[in-house]
Amino acid sequence: MQTKILHFLKKATNYISGEEISDNLKISRQGLWKHIETLRESGYDILAVPHLGYKLVSSPDRLFPSEIKPNLKTKYIGKKIYYFESLPSTMDTAMQLGLKGAEEGTLVLAETQSHGRGRMGRPWVSPKYKGIYLSLILRPQIPPQQLSILTLLAAVSAVETVNEVFGQEAKIKWPNDILLNGKKLGGILTEINAEVDQMRFVVIGIGININNDKKSLLPQATSLKEERGESFNRISLLQKILKSIEDNYESFKTKGNDFIIDKWRASNVTLGKRVKVNLHHVLLEGQAVGIDSDGALLLRKDSGITQRVTSGDITLSR
Ligand code: BTN
């Protein structure tokens, strides 16, 4: 009901009478007032003036589903949204929903995470109301070995969105670090529920630093606000990322891995560079000469042997 009331308030350019809203929604004036109060408690600034009615002055900077859905141009991604003020990690909640049969495209959002996690067991710092922390459930018909492609797909989608909104070339460091001006703006974490040769579902986690201030960022990290000196609208950015993921995912289903790999190549900063690869306890060094059609990095070591690297962390040497 509150979403419907907001729809009327947003549509009106000025005051809208309580009578008009309550008649349309078939609720009492008293009932309407109660909903207005609840909306105010959620942070909506709504004026109420006798004989004039209600006027929406401002909406809170929150990723409420009621804010995201109206302008979301997707067919299925984000059509079902689970929103939380705080979670340990959106990954765990999405995994649980996936196990209960949540449909493809189901989205879990949190305004902050107490135990947000990144790749290789690292924490993901998730200050409240500053970034986008999401987990998305997909149910692709691909073998588990091709999981990396979905990670690259998410990285490509995030980069395309940042470039559109920010007007500057964000880049990808293999496999999925999103860089802006050489610093880390975001990352992707993919987790899977699968049998040996069949994927049941995948959870794609995306974290992007949007309005973080310097003090809440790790030394090598940045945010859109830090780079531009102004705040960004998290809602429209999120809507665009979801649309970009859906478009790329649909193209991937019809055109295959190369569609994603080609886009990834166009935005990457890794290929052609000398890199160090940290494989948990093993350190490899060599030239990043390519990625294969499953998204694995091809590393030409100094011995001349090319090794296929499917996970790990890289540092660019030169
Ligand atoms: C990385 O670069 O290491 C990946 C970072 C992924 C962070 C996101 S934030 C939303 C989702 N929930 C988590 O706990 N992690 C991912």
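The values are calculated or read from the model by the stated rules, or taken from the named source; none is laboratory data. All values reported here derive from a predicted model rather than from experimental measurement. Neighbour counts are summed over all protein chains in view; Cβ atoms, including those assigned to glycine, are modelled from backbone coordinates with ideal geometry. Surface areas here come from the heavy atoms of the whole protein model, side chains and all, with no ligands, DNA or RNA. Shrake-Rupley method; radii C 1.70, N 1.55, O 1.52, S 1.80 Å.
The simple spin-label model puts a point 7 Å past each Cα toward its Cβ; for Leu99 and Tyr76 those points are separated by 2.4 nm.
Given a 1.4 angstrom probe, I'd like the percentage of the accessible area of the chain that is carbon and sulfur, rounded to a whole number. Could the numbers behind the result be given before it?
Values: 7520 of 15110 Å².
C and S fraction of accessible area: 50 percent.
Counted over the chain, the DSSP beta bridges are approximately 85% antiparallel.
Size of the dipole of the chain about the Cα centre, Lys and Arg at +1 and Asp and Glu at -1 on the beta carbon, nothing else charged, in debye to 20?
Details: 44 positive and 34 negative charges, 72 e Å.
Magnitude of the dipole: close to 340 debye.
For trypsin sites (Lys or Arg not before Pro), the sites in region 76-173 that DSSP calls loop and that have at most 13 other Cβ atoms within 10 Å are Lys100, Lys128.
Could you sort the peptides 137-145, 151-159, 183-191 by per-residue average Cβ neighbour count (10 Å cutoff), highest mean leading? Walk me through the numbers before you get to the answer.
Details: 137-145: 15.8, 151-159: 27.0, 183-191: 22.9.
Answer by packing, highest mean first, reads 151-159, 183-191, 137-145.
For region 261-271, putting each phi into the Karplus relation 6.51 cos²θ - 1.76 cosθ + 1.60 with θ = phi - 60° gives couplings of 4, 4, 5, 4, 4, 5, 10, 8, 10, 9, 5 Hz, in residue order, rounded to whole numbers and with x for Gly and Pro.
When region 111-244 is described by a simple charge dipole with +1 on each Lys and Arg Cβ and -1 on each Asp and Glu Cβ, the residue from Ile241, Thr112, Ala155 located farthest towards its positive end is Thr112.
What size of dipole, in debye to the nearest 20, comes out for region 228-300 about its Cα centre when the only charges are +1 on Lys and Arg C-beta atoms and -1 on Asp and Glu C-beta atoms? Before the final figure, lay out each step's value.
Working: 12 positive and 9 negative charges, 57 e Å.
Roughly 280 debye, rounded to the nearest 20.
Considering all alpha-carbon pairs of the chain, what whole percent are spaced by more than 29 angstrom? Write down the numbers at each step before the final one.
Working: 21360 of 50403 pairs.
Across the chain, Cα pairs with separations above 29 Å total 42 percent.
If the chain linking Trp33 and Val196 were pulled fully straight, counting 0.36 nm for each residue of separation and taking away their Cα-Cα distance, it would gain 53.1 nm.
In square nanometres, what is the average projected area of the Cα convex hull of region 1-61?
On the way: hull surface 14.7 nm².
Across all orientations, region 1-61 yields a mean hull projection of 3.7 nm².
Computed over region 161-275, the range of Cα coordinates on each principal axis works out to 46, 37, 25 Å, biggest value leading. How much net charge surrounds Gly295 when only the other residues with a Cβ under 13 Å from the Cβ of Gly295 are counted, with Lys and Arg +1 and Asp and Glu -1? Here the count lands on -1.
Summing charges over neighbours of Thr106, with a neighbour being any other residue whose Cβ is under 15 Å away from its Cβ, gives +2 when K and R count +1 and D and E count -1. Every Cα-Cα pair of region 28-144 was included, and the share exceeding 24 Å stands at 42 percent. In this simple spin-label model, placing a label point 7 Å from the Cα along the Cα-to-Cβ direction at both Val282 and Leu316 gives a separation of 2.6 nm.
When Lys and Arg each count +1 and Asp and Glu each count -1, what net charge do the other residues less than 12 Å away from Leu136, Cβ to Cβ, add up to? Taking every other residue near Leu136 into account, the sum is -1.
Hey, what's the Cα Rg ratio for region 142-186 versus the globular rule of thumb, 2.2 N^0.38 Å?
It is 1.22.
Return one quarter of the surface area of the convex hull spanned by the alpha-carbon atoms of region 106-215, equal to its mean projected area, in nm². Before the final figure, lay out the partial values.
On the way: hull surface 29.5 nm².
Taking a quarter of the hull surface, the average projection is 7.4 nm².
Output the direction-averaged projected area (hull surface divided by four) of the convex hull of the alpha-carbon atoms of region 218-299, in nm².
7.8 nm²
Taking θ as phi - 60° and the Karplus parameters 6.51, -1.76 and 1.60, the scalar couplings of region 69-76 work out to 5, x, 9, 7, 9, 9, 8, 9 Hz in sequence order, x denoting glycine and proline. Gyration tensor over the Cα atoms of region 264-315: the corresponding equivalent ellipsoid has semi-axes (square roots of 5 times the eigenvalues, largest first) of 16, 12, 11 Å.
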